[in-house]
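Heads up: the structure comes next, in structure tokens.
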Amino acid sequence: MSLCHAQKNRLTRTGAVDFPSGLFYLGADEDRSSVRGEAVKRAIQAGLVVVFLVLAVLALFVGRPGRDAGNRVDLAPRSSAAAFRQDATLRNVTRKDIVYTIMPGPGRRGPLTRTLAVGAVDRLSTDLPVEISFDNGKRTGTTLVHPGKPYSFRYDEDDIIKIYPGSHGRDDAADLAPFVPTPRPVVERMLEIAAVGPEDVVYDVGCGDGRMVITAAKTFRARGVGIDIDAALIEECRAGAKREGVEKLVRFLLMDATKARLTGATVLALYLLPESLETLEPAFERDLRPGVRIVSHDYMIPGWDGRLVRSEVVTDESGREHKIHLYRMPVTK
Ligand SMILES: C[S@@+](CC[C@H](N)C(=O)[O-])C[C@H]1O[C@@H](n2cnc3c(N)ncnc32)[C@H](O)[C@@H]1O
């Protein structure tokens, strides 16, 4: 039984409060002349209990931090218990507003059309998977989104908008990329072409499970700082650093990387979406010192062609090809 239920059971059918002994007990040997005062006290206590119950119920259903912002769409059938509802989040990480349709489902009649602004998050409160349909400019596609999971509208390699699983689902921070780890051979090559050594401080913005800074520390004795917004990943980073015996060389920060200062970096490792590189470029410009090497997995930094030192292709264990781009901050800005 929940706390809330237990509290409710203390109300009698007539609505009077059935007080337990102890906290609310007023004493049996009180003077008859104080009966009126006692009645007033009981009324006040009853009022307090009711206020407490109302606040508890509000806290349970609407008071969860960070979940009220954004656009919530309640799709759960009326009959189902609220306790089973979880949000599927949909984020727009493209540069266009997206119009999509929530298709009819159990307990829901008719399609529901929504416009998701650039950078915005919709929260679909739902017990069951929901079918979403949208026109990506080439054709209309449909996708099932599941309760409790984050999704994002992104561009694919041909610049077509698609919906992908993954996003941190928060509406108070930019979504720079879903967690997709860089394969080990690519990590090693990125660190090699950036010529990482013991005098370096390697930053990874959106560090995922921390493999880049942990490898830099373990293989090249470099110090490192990893930044990620996902608390579970940061835990994994710290555990990984300990396991590999490099916890003294590396630090992991749980934060929105768009708010981070990168002034301590001598090498910056990146595996982020092109639009995120564009978002972060002013911070790179502001914080990175002359001569800092920037090594980016797959995507190029827009407007930085003049700083490109080299690009190369690395093949991973599964045969997939990955691009690596190395830049250097100019000596004079
Ligand atoms: C493609 S993964 C790259 C992981 C790692 N750098 C690697 O190469 O293996 C991108 C990471 O960025 C993180 N991320 C997304 N938005 C972020 C934000 N606003 N601040 C910090 N990290 C973010 C995600 O949680 C995810 O772990």
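The values are calculated or read from the model by the stated rules, or taken from the named source; none is laboratory data. None of the values given here were measured: they were computed from a predicted structure. Every residue, glycine as well, gets a Cβ built from its backbone with ideal geometry; the counts of neighbours run over all protein chains shown.
Residues that are within 11 Å of the ligand (Cβ to nearest atom) and either of a type in the set (A, V, I, L, M) or surrounded by 22 or more Cβ atoms within 10 Å (Cβ to Cβ) (or both) within region 253-267 comprise Leu253, Leu254, Met255, Ala257, Ala260, listed in sequence order. Looking across region 304-328, the residues that are part of a loop (DSSP other than H, G, I, E, B) and either loosely packed, with under 10 Cβ neighbours inside 10 Å or not assigned by TED's automatic domain parsing to the domain that holds Ala269 (or both) come down to Glu317, Ser318, Gly319.
Kindly indicate whether any position in region 160-179 is away from the ligand (no atom under 15 Å from the Cβ) and without any contact (Cβ under 8 Å) to a residue 40 or more places away in the chain. Yes, region 160-179 contains at least one residue that is away from the ligand (no atom under 15 Å from the Cβ) and without any contact (Cβ under 8 Å) to a residue 40 or more places away in the chain.
Picking from residues in region 278-303 that are modelled with pLDDT of 95 or more and assigned to a helix (DSSP H, G or I), the one that is nearest to the ligand (Cβ to nearest atom) is Leu280. The residue that is nearest to the chain's Cα centre (by Cα), counting only those in region 219-235 that are more than 10 Å from the ligand (Cβ to nearest atom) and crowded, with 17+ Cβ neighbours inside 10 Å, is Val225.
Could you say whether any residue in region 102-125 is within 12 Å of the ligand (Cβ to nearest atom), within 30 Å of Gly264 (Cβ to Cβ) and either of a type in the set (Asp, Glu) or in contact (Cβ under 8 Å) with a residue 24 or more places away in the chain (or both)?
yes
Being surrounded by 11 or more Cβ atoms within 10 Å (Cβ to Cβ), touching a Gly at 6+ places or on another chain (Cβ under 7 Å) and within 22 Å of Asp228 (Cα to Cα) is the requirement here; does Leu288 meet it? Spelling it out, it is not the case that Leu288 is surrounded by 11 or more Cβ atoms within 10 Å (Cβ to Cβ), touching a Gly at 6+ places or on another chain (Cβ under 7 Å) and within 22 Å of Asp228 (Cα to Cα).
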